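Here's the structure, in structure tokens; my notes come after.
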Amino acid sequence: MNLFHSPTARAALVILAAASMAACASRPKPMGPVATATPTPPSRYAAPGPGAVEESQETGAPTPGSSRDFVINAGDLVYFAFDRFNVTDEARAVLDTQAAWLARYPAVHVRIEGNTDERGTREYNFALGARRANAVRDYLVSKGLSPSRIDTVSYGKERPIDTSVGDAADSHNRNAHTIVTDAAR
Amino acid sequence: MRSCKVVLAALAAALVANLTAVAPASAEIVINVDQGDTQPLPIAIPSFGGAPVAGQLSDVVTADLKRSGLFRPLDAGAFPPLGSDVNLQPQFDAWKAVSAQALLTGHVAADGDGHLRADFRLWDVYAGEQLLGMEFTSTPQNWRRVAHKIADAVYEKLTGEQGYFDTRVVFVAESGTRAKPVRRLEIMDQDGANPSYLTDGSYLVFTPRFSANSQEITYMALRPTGSTLYLLNIDTGRQEALGHFPGMVFAPRFSPDGRKVVFSAEKAGDTDVYVMDLASHAVARLTTDPAIDTSPSFSPDAGRVVFNSDRGGSPQLYVMNADGSNVNRISFGSGRYTTPVWSPDGKLIAFTKQEGGQFHIGVMRPDGSNERLLTSSYLDEGPTWAPNSRVILFSRDTGGPGAHLWTVDVSGRLLAPAPYALRASDPAWSSLLR
């Protein structure tokens with residue numbers, strides 16, 4: 001399970017955020033001289049220092065039909081059991097949402113990237129990742145999506161979404177990742 | 001691709017070997033490479049005399065023999081004095097006194113015509129006789145290859161097996177992070193000298209494999225949209241894509257004559273084994289099972305192909321005829337078997353086995369009998385054979401720091417890190433250079 005892609009976890013985050021805002025609002029504001037506010041420059045203008053500065057994530061409501069809209073409102077990842085490529089009930093729920101979203105935006109094309117955990121040899125895992133990508137493709141086609149809108153690729157164990165080591169990372173990395181390749185900006 | 005040319009031009013100046021004074025084949029000291037409890041043979045290799053490069057040259061010979069695990073080069077500090085003429089018989093009693101069983105002496109001279117002449121003698125200290133006397137002639141810049149050839153000659157004389165020191169290794173050099181990996185093909189001498197990148201890291205590369213003459217490499221490139229198989233000539237730096245396929249292509253490996261490449265291609269999720277004729281680019285399909293069929297490797301007589309398939313429910317090893325007929329499963333132990341590679345002498349198949357949370361490099365006979373596991377770690381993978389079928393190079397990831405290259409001999413007794421300190425995977429060993 002990847003927490004950030006679970007609807008329950010997302011709902012919990014929203015509730016937490018609301019709660020903390022409420023806490024701030026009820027706190028009495030100290031009275032005193034108002035300091036002149038210095039505008040904080042955007043992080044990319046910060047003086048160069050040690051360590052890379054990551055570009056900040058886009059915030060706010062996603063553009064309908066965009067890649068970010070797909071990730072947030074359809075869900076881009078489905079997971080598999082060890083050495084399996086059958087679409088689970090849980091995965092089916094996500095793929096039904098993907099299919100419905102893609103039906104709404106007929107100009108959008110997707111690439112399905114099949115991934116595996118690292119507990120296997122390289123070549124076998126390229127084959128296993130291809131099976132997973134195609135299982136997802138077949139499911140989406142069965143839901144009415146045109147095959148011409150879907151490409152598949154296998155990254156085997158070479159592009160893990162979870163780069164830690166261990167069972168939790170392994171279960172995250174057994175996935176098929178649907179990427180919007182041609183969409184609204 | 002940046003300039004990928006690896007200069008082997010010096011090869012053109014052929015190494016010439018002259019047998020000068022071969023002793024009768026009555027060697028009393030023999031290393032039995034099959035015996036599990038063999039102690040390494042104490043050998044004295046006093047620094048070669050002559051040209052300025054002579055000392056470095058004998059150091060390379062010493063390092064080769066030591067790394068094999070079968071020899072124990074003795075500390076030069078205790079050596080008795082040695083005359084400068086290699087033709088003079090050594091004082092054997094003095095060498096016995098430092099516990100030497102074998103003695104290698106040599107002299108390197110720069111000829112008037114710019115050639116390097118390395119003259120050496122291998123002596124049996126206890127029998128008091130010469131086992132080998134040879135001379136190699138080469139260009140001065142080729143001195144490391146001369147050293148490897150001397151080490152091969154000594155190894156061959158004392159073990160009865162062909163040497164493997166005058167060889168190279170191609171592999172994937174890994175850098176970057178796990179999230180943003182950088183992978184470049186790199187080639188080096190088997191002792192780690194003369195490293196050189198063959199690709200620039202702008203795309204991911206995997207599973208390089210040498211052709212029989214070691215001048216060409218086939219490998220897989222992975223880009224966000226798919227994979228490509230390439231044929232790379234390391235003499236010219238030219239490379240060409242091996243056809244275009246609708247799905248994933250991977251696991252390329254040359255036929256023993258270098259005229260074909262056997263590989264896996266995936267269509268609609270089904271991976272099968274195919275073979276391509278490199279002259280005509282004609283492709284023939286060898287497997288049709290809906291299971292995963294991958295990691296094909298030819299037998300050295302080109303008559304059969306070993307591959308891995310999960311048609312029986314889990315990945316196991318199968319052997320078929322080179323035309324795809326007569327498929328037989330050969331692995332029957334518990335666990336998952338992948339990456340089979342036929343040994344150059346045809347007698348064994350090395351593989352990766354996954355069992356009980358560990359990965360192993362193992363060997364079995366081509367009929368599946370006599371399975372032996374040689375290594376064990378969090379992730380051992382991808383064996384490749386030295387040309388003499390005695391040593392296996394593979395990659396090992398202990399679960400964190402990334403993969404590194406290791407060697408193990410077929411007895412499983414001599415396990416050692418390969419002479420490459422950085423992160424690396426997918427090694428392939430060349431044949432003996434010419």
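Some observations on this one:
- Test: B:Leu317 is assigned to a strand (DSSP E or B), away from chain A (no Cβ under 14 Å), in contact with a Phe, Trp or Tyr (Cβ under 8 Å, 6 or more places away or on another chain) and open to solvent by less than 20 Å² (accessible area, probe 1.4 Å): no
- The set of residues in the stretch A:171-185 being part of a helix (DSSP H, G or I), of a type outside the set (Ser, Thr, Tyr) and away from every other protein chain (no Cβ under 11 Å) consists of A:His172 alone.
- Test result for B:Leu132, open to solvent by 10 Å² or more (accessible area, probe 1.4 Å), touching a helix residue (DSSP H, G or I) at 6+ places or on another chain (Cβ under 6 Å) and outside any helix (DSSP H, G or I): yes
- Listed by first and then second residue, the pairs with beta-carbon distance under 6 Å, at least 6 apart or on different chains, first residue in the stretch B:336-349 and more than 19 Å from B:Gly163 (Cβ to Cβ) and within 11 Å of chain A (Cβ to nearest Cβ), second assigned to a strand (DSSP E or B) and open to solvent by 20 Å² or more (accessible area, probe 1.4 Å), are B:Arg336/B:Gln354.
- Any hit, the stretch B:98-113, residues being assigned to a loop (DSSP other than H, G, I, E, B), modelled with pLDDT of 90 or more and under 31 Å from the mean Cα position of the chain (by Cα): yes
- Within the stretch B:191-206, not a single residue is outside any helix (DSSP H, G or I), open to solvent by less than 20 Å² (accessible area, probe 1.4 Å), at pLDDT below 95 and not hydrophobic (A, V, I, L, M, F, W, C).
- Selection status of A:Asp76, in contact (Cβ under 8 Å) with a residue 60 or more places away in the chain and surrounded by 13 or more Cβ atoms within 10 Å (Cβ to Cβ): yes
- Scan of the stretch A:138-162 for residues that are open to solvent by less than 70 Å² (accessible area, probe 1.4 Å), touching a residue at least 12 places away in the same chain (Cβ under 8 Å), within 13 Å of another protein chain (Cβ to nearest Cβ) and not acidic (Asp, Glu), ordered by number: A:Tyr139, A:Ile150, A:Thr152, A:Val153, A:Ser154, A:Tyr155, A:Gly156, A:Lys157, A:Pro160, A:Ile161
- Single residue of B:Thr177, B:Thr218 found to be within 28 Å of B:Lys267 (Cβ to Cβ), polar (S, T, N, Q) and within 14 Å of chain A (Cβ to nearest Cβ): B:Thr218
- Conditions (1) closer than 25 Å to B:Tyr203 by Cβ; (2) modelled with pLDDT under 95; (3) away from chain B (no Cβ under 12 Å); number of the one not met by A:Glu54: (3)
- The stretch B:341-396, residues that are open to solvent by less than 20 Å² (accessible area, probe 1.4 Å), within 18 Å of B:Ala424 (Cα to Cα) and among the aromatic types (Phe, Trp, Tyr): B:Phe359, B:Trp385, B:Phe394
- Failed item, numbered, when B:Gly399 is tested on (1) more than 22 Å from B:Ala251 (Cβ to Cβ); (2) within 14 Å of another protein chain (Cβ to nearest Cβ); (3) crowded, with 22+ Cβ neighbours inside 10 Å; (4) not aliphatic (A, V, I, L, M): (3)
- In the set (1) among the aliphatic types (A, V, I, L, M); (2) assigned to a loop (DSSP other than H, G, I, E, B); (3) on the phi < 0 side of the Ramachandran plot, the condition left unmet by B:Ala302 is number (3).
- If you go through the stretch B:154-164 and keep only what is within 17 Å of the chain's Cα centre (by Cα) and either farther than 17 Å from B:Trp385 by Cβ or not aromatic (Phe, Trp, Tyr) (or both), you end up with B:Glu156, B:Glu161, B:Gln162, B:Gly163.
- Screening A:Arg131, A:Arg111 for residues that are closer than 18 Å to B:Pro224 by Cα, open to solvent by 10 Å² or more (accessible area, probe 1.4 Å) and outside any helix (DSSP H, G or I) leaves exactly one candidate, A:Arg111.
- Tallying residues that are assigned to a strand (DSSP E or B) and out of contact with any helix residue (DSSP H, G or I) (no Cβ under 8 Å at 6 or more places or on another chain) within the stretch A:151-168 yields 1.
- Restricting the stretch B:380-404 to residues that are in a strand (DSSP E or B) and within 12 Å of the chain's Cα centre (by Cα), the residue that is farthest from B:Pro340 (Cα to Cα) is B:Val391.
The values are calculated or read from the model by the stated rules, or taken from the named source; none is laboratory data. All figures in this text were calculated on a predicted structure; none of them were measured in a lab. So basically every Cβ, Gly included, is an ideal-geometry build from the backbone, and we count neighbours across all protein chains shown. Keep in mind that these areas ignore ligands, DNA and RNA; they rest on the heavy atoms of the full protein, side chains included. Shrake-Rupley method; radii C 1.70, N 1.55, O 1.52, S 1.80 Å.
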